[in-house]
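Reading through the structure tokens given below for one structure.
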């Protein structure tokens, strides 16, 4: 067998040599370049806050910043507008139920009341006149029936007498026949009059209740019309303390305008804004504790408002049992809300780092010179503690100060 010598063209040998040279150059460059740099920042260790991860008792609580508000507030509005004539109380005054607070005047209203009252009285007078007429007709009908019965008896008696005289021919037959005709006429009128009386009586019985109800309604309208004038004097609906009133004599207030606020002596409650993070965990009926003046007072959540505004929602708390004395509306208190039972867990001190990292990552101190970024997973948290579920071990030291500006940093080098 004969071997055939294959001759490669010169231009192909040149391209192969060039490719090999480029591969060797790329490999050499890769070996000489430094590894990608880790994004780091240098900070003064004394300006940072450190905390150690510990195995301990996690208290499932939430600190609240509450404001004292009255449990009940009564708003006093102008039922009828008018000019302020007198202001009889000032903010902070204690008042009793029915006490006059403000006096208004309204000339137009007074004229309107007088005109309407006159028209209502005229309507009542007409109804009463018709009522009197029905009663008079009832009496006249009874009299007419009684008169017919009287005529029957009288004519019967006279006819009996004349019959005896007619037999003796002492009276004419004409007289006797006239009396008989009158008696027959009276007998014929009686059923007609009785039937008419029954119909008129039925009509009277139907109309009298209607008339009486209409008169009662008109009289009620008169009372309501007169009450409009009484509304010009604003009175306290309940005993309590005047908490707001800002009126000047001579100024005019329209109908429905707010005139004053009254707080009845039903006690106070607390209201607080809570971070929306706890929206699913804060429920009505949960307990809270308030440390005040070396005493502990029990509270419970009365209402959770579901609307979220600027990342927070509102809750109302009521005192159970004894209420602290001397509370004032607007006073700030800091009770502790009990979200759940205490339990053993891996915990970390809470800090400003949660605002930036959301509890998803932290900087863990490796040694005295740096701290490395690490992903973690947290569970429950309160103002003092964070429950660690994964990513950290007991004894590790974590930077818990503010992480602002460190979102893309992987290592902190300490000065």
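Structure summary
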| read-out | value |
| --- | --- |
| For segment 108-230, fraction of C-alpha pairs farther apart than 19 Å, in % | 66 |
| Residue 153/residue 208 FRET efficiency (R0 35 Å; Cβ-Cβ; nearest 0.05) | 0.60 |
| Segment residue 100-residue 121, extension gain: residue separation times 0.36 nm, minus the distance between their alpha carbons | 4.6 nm |
| Extended-chain gain in nm, criterion 0.36 nm per residue less alpha-carbon gap, residue 42 and residue 352 | 109.7 nm |
| Amide N of segment 204-226 lying under 14 Å from the label point, which is placed 7 angstrom from the Cα of residue 88 along Cα→Cβ | none |
| Using a Förster distance of 51 Å, the FRET efficiency for residue 248-residue 289 (Cβ separation, nearest 0.05) | 0.65 |
| Spacing of the two label points (7 Å from each Cα toward its C-beta) at residue 220 and residue 384, in nm | 6.3 |
| Exposure proxy order (Cβ contacts within 10 Å, fewest to most) of 396, 355, 112 | 355, 112, 396 |
| Computed [θ] at 222 nm, deg cm²/dmol, the chain (DSSP H ≥ 4; -39,500 (n - 2.57); rounded to nearest 500) | -13000 deg cm²/dmol |
| Among 215, 102, 347, residue whose mean-square fluctuation peaks in a GNM of the chain (springs only between Cα atoms under 10 Å) | 215 |
| Gaussian network model of the chain, Cα within-10 Å springs - most flexible of 356, 325, 345 | 325 |
| For the chain, built as a Gaussian network whose Cα springs stay under 10 Å, the top-fluctuating residue of 330, 405, 359 | 405 |
| Whole-Å distance, taken between Cα centres, linking segment 127-155 and segment 355-408 | 106 |
| Sorted by Cβ neighbour density within 10 Å, fewest at the top, the residues 68, 386, 95 | 68, 95, 386 |
| Relative contact order, percent, segment 287-371 [alpha-carbon distance under 8 Å, six or more residues apart] | 24 |
| Value of relative contact order over the chain, rounded to a whole percent, pairs C-alpha under 8 Å and six or more apart | 30 |
| Separation between Cα centres of segment 192-243 and segment 92-120, rounded to whole Å | 22 |
| Label-point gap, in nm, between residue 341 and residue 314 - each point 7 angstrom along Cα→Cβ | 3.5 |
| Acute angle (nearest 10 degrees) that the helix 10-32 long axis makes with the longest principal axis of the chain, alpha-carbon atoms | 70 |
| Fewest-first ranking of 228, 248, using other Cβ atoms within 10 Å as the exposure measure | 248, 228 |
| Rg/Rh ratio calculated on Cα atoms of the chain (Kirkwood radius) | 1.51 |
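Values in this text are rule-based calculations from the coordinates and carry no lab data. This is a predicted model, so every value here is computed, not measured. Methodologically, a virtual Cβ is constructed for each residue, glycine included, from the backbone with ideal geometry; neighbour enumeration extends over all protein chains shown.
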